[in-house]
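No lab work stands behind these numbers, since they all come straight from the coordinates. It should be emphasised that the depicted structure is a prediction, and the values quoted were computed from it without experimental measurement.
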Amino acid sequence: MAKRASVRWAVAGLVLTVGYADLARGGMTLAPLLLVIGYCVLVPYAILA
């Protein structure tokens, strides 16, 4: 059970990291999409599941 939670958090962290990295490069399409998915979908899923 703890391993699944760790994987969920790792995926959320990876998506957020890629989103911020793309934002730093000047990405205006992929970065906001990844950040919204990360913060509005993956992080709550990691917390609640």
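Over the chain, Cα pairs under 8 Å with separation of 6+ residues give a relative contact order of 46 percent.
Extension gain for V36 to V18 (0.36 nm times residue separation, less C-alpha to C-alpha distance): 5.3 nm. Counted over the chain with a bin width of 10 Å, the fraction of Cα pairs per bin, in whole percents, is 31, 46, 19, 4.
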